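Since the structure comes first, as structure tokens, the remarks are kept for the end.
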Amino acid sequence: MSTSYRLSTRRFGELLLERGWVTSDQLAQALRSRQDPRERLGQTMVRLGLLKEKDVTDLLGDQFSLPVVDAERLSQADPAAVQLIPEHLARQSGLLALKKDEEILEVAVGDPLDVVSLDYLRALTGCTLRVCLARPSEVHEAVENFYQEIRTSENLGEILDKIDLSAATEEEDVDLAALRQQVEDAPVVRLVNLMLAEAIDARASDIHVEPLRERITVRFRIDGTLHEVMKPPKNLQMAIVSRIKVLADLDIAVRLLPQDGRLTVHLPDREVDIRVSTLPTAFGEKVVLRLFDKKAFTREIENLGLEGPGLDAFRRAIHLPYGMILVSGPTGSGKTTTLYSALSEIKHVSKNLITVEDPIEYHIESVNQVHANHKVGMTFARALRSILRQDPDVIMVGEIRDTETADIAVKSALTGHLVLSTVHANDAPGTVTRLIDMGVPRYLVGSAVNMVMAQRLVRRVCERCKESYIPDPEQLAVLGDDASGLNGRRLWRGRGCMACKQTGYMGRTAVFEVLELSRPMRRLVLDGLNEDQIKQRAMSEGLMTLRKSGIRKILEGLTTIDEVRAATLADHA
């Protein structure tokens, strides 16, 4: 049994010169620069920046008459076929089995000249090999992803095999002593540890353990979207939930009331703080774990997604000596990240910066951070009163959620302090009226607030698999009149690859609506205009709304029409 390709009589360098891709001088330079005799000429060309990896792979395909497969085809490999190649061989030689058809094994390789590994694989499997070429980096990435999933699946199967699935699920029949014993059993401990490790590795922001009628579902929120990752048996429900409760120092005997707790995962290079929330549902307790990386905050304002006049205005506002800056948006829209970035920029040895938060999500060097704890009476308002006696220059209040906190924060901004905070509101003008709705007099709001800013998070197009396209009128219709500037423009979207788990997105960026309270705007607030009237006036003066900010990011190739439509509302001037 043999492989399905022929060795070429044409040298790689000859083909390069023939196609005019390099000059003879560049070829000689590449040959001289090879220090490792095992390095292929194509690899040298890529390392020197003379060729792209795709060019090398395509030329090798022509040289050896082999088909070339892309990342999408690699991601569709049959897991059963993948397991036919031992992991160490796949990693070392850059091999990925794509599918097995009777006695023929289709294999993607990054280096067609590694005939030793191919011969070994042929002898190991007893199959005829049908060889395809792929970019070495994409083969490596696919190998990493597939074998990680295989290891996770094997670990999960091994754990479940060792678990006694006879745990009671009826509330009134629970034996707490038996449950405590099961919670400490090694298989249950390993299962929860595996769940946490996979979530951290996948960049998940939240873990949802959800009880259904017949099973349990474990989902990870990655880049704002939930993905199902595990489906443990229903009989494990109480053991898993109780194990998480034990880690978070919650009462496993309380199952009919919500509970909140915390735990910390210690990794070699950092710590991950996890907030745990339980909620009784019709089929048992649902648990949500929110993950926070506790390493020092390093994000800069330029990396938030703010740009142009909005970035300049925000910078001006945070360097003012006093006044209030408010950031609004729903839960999980990155408000705290924006405020932390501002604190990181303005902190200085000459300034006293104090925050009051619930919880402290990141630690910032040279900033005094206070944890609000309602259980012991340490509310935002009480903490804020104490902070004012600490001679602060800059105060950050994690959230203004009641009249008392709002009143103290506004008066602090009027008495020589720069106050940063967040408010739940739909847009920037709505943030101003939200303070008034809380009972703060209009004249205080108009005098104290320097800037209000609304923000939303949208997923970024995956850089690995992004492709350009011209949208159809039907695709633009979802944005209504706001899409007029996109007609006939070339936009970008993700095709889906192993790196982004076929979603077409990797990471997130923010869209912003920045409203400076100039003298005319303050007059509108004092005159009692409502939210819509303030927004119409601001738009007539050039306000960059959330929708317009999103469309700008579509044109820049950072996000897509669907993301902006889902995150923002249409503008009505």
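Brief remarks follow.
- Condition met for Thr298 (at pLDDT below 90, under 21 Å from Val265 (Cβ atoms) and polar (S, T, N, Q)): yes
- Residue-level analysis places Ile240 outside the set of residues that are open to solvent by less than 60 Å² (accessible area, probe 1.4 Å), at pLDDT 90 or above and under 21 Å from Ala202 (Cα atoms).
- Members of the range 31-44 found to be surrounded by 11 or more Cβ atoms within 10 Å (Cβ to Cβ) and either within 19 Å of Leu66 (Cβ to Cβ) or modelled with pLDDT under 80 (or both), listed by number: Arg34, Glu39, Arg40, Leu41, Gly42, Gln43
- Conditions (1) closer than 30 Å to Glu516 by Cα; (2) open to solvent by 10 Å² or more (accessible area, probe 1.4 Å); (3) modelled with pLDDT of 85 or more; (4) touching an Asp or Glu at 6+ places or on another chain (Cβ under 8 Å): number failed by Asp482: (3)
- Long-range neighbours under 8 Å by Cβ, at least six apart or interchain, first residue within 19 Å of Ser65 (Cβ to Cβ) within the range 132-153, second of a type in the set (Ser, Thr, Tyr) and in a helix (DSSP H, G or I): Leu133/Thr57; Ala134/Thr57; Arg135/Thr57
- Every condition in (1) surrounded by fewer than 19 Cβ atoms within 10 Å (Cβ to Cβ); (2) among the small types (Gly, Ala, Ser); (3) part of a loop (DSSP other than H, G, I, E, B) holds for Ser277 except the one numbered (3).
- On the stretch given as the range 134-165, residues that are open to solvent by less than 60 Å² (accessible area, probe 1.4 Å), farther than 18 Å from Pro86 by Cα and at pLDDT below 80 total 5.
- One residue stands out among those in the range 411-447 that are aliphatic (A, V, I, L, M) and farther than 22 Å from Ser341 by Cα: the one that is surrounded by the fewest Cβ atoms within 10 Å (Cβ to Cβ), which is Leu414.
- Candidates Ala317, Ala248, Ala282 - the one that is hydrophobic (A, V, I, L, M, F, W, C), farther than 30 Å from Thr568 by Cα and crowded, with 18+ Cβ neighbours inside 10 Å: Ala248
- Within the range 18-30, the set of residues being assigned to a loop (DSSP other than H, G, I, E, B) and open to solvent by 100 Å² or more (accessible area, probe 1.4 Å) is empty.
- In this structure, Ser93 qualifies as surrounded by 14 or more Cβ atoms within 10 Å (Cβ to Cβ) and touching an Asp or Glu at 6+ places or on another chain (Cβ under 7 Å).
- Sole residue being at pLDDT 85 or above, in contact with a Cys (Cβ under 6 Å, 6 or more places away or on another chain) and of a type in the set (A, V, I, L, M), chosen from Val109, Val69, Val131: Val69
- Pairs meeting the criteria (first residue in the range 459-473 and touching a residue at least 24 places away in the same chain (Cβ under 8 Å) and of a type in the set (A, V, I, L, M, F, W, C), second residue part of a strand (DSSP E or B) and open to solvent by 80 Å² or more (accessible area, probe 1.4 Å), beta carbons under 7 Å, at least 6 apart or on different chains) are Val461/Trp492; Val461/Arg493.
- The range 31-74, residues that are closer than 16 Å to Pro112 by Cα, more than 31 Å from the chain's Cα centre (by Cα) and hydrophobic (A, V, I, L, M, F, W, C): Leu41, Val56, Leu59, Leu60, Phe64, Leu66, Val68
- Of residues in the range 526-554 being open to solvent by less than 40 Å² (accessible area, probe 1.4 Å) and touching a Ser or Thr at 6+ places or on another chain (Cβ under 6 Å), the one farthest from Phe512 (Cα to Cα): Lys553
- Close pairs (8 angstrom Cβ cut-off, 6 or more residues apart or separate chains): closer than 16 Å to Asp293 by Cα in the range 327-338, outside any loop (DSSP other than H, G, I, E, B) and open to solvent by 10 Å² or more (accessible area, probe 1.4 Å) anywhere: Gly332/Leu457; Gly334/Leu457; Gly334/Arg508
- Criterion applied to Gly557, Gly507 was being small (Gly, Ala, Ser), part of a strand (DSSP E or B), under 28 Å from the mean Cα position of the chain (by Cα) and surrounded by fewer than 17 Cβ atoms within 10 Å (Cβ to Cβ), and the one residue passing it is Gly507.
- Residues that are of a type in the set (Val, Ile, Thr) and more than 25 Å from the chain's Cα centre (by Cα), drawn from the range 409-426: Val410, Thr415, Val419
The values are calculated or read from the model by the stated rules, or taken from the named source; none is laboratory data. The structure displayed is predicted, hence computed values, not measured ones. Ideal geometry is used to build each Cβ from the backbone, glycine not excepted, and the neighbour counts take in all protein chains shown. What goes into the accessible areas is simple: the full protein's heavy atoms, side chains included, and nothing from ligands, DNA or RNA. Shrake-Rupley method; radii C 1.70, N 1.55, O 1.52, S 1.80 Å.
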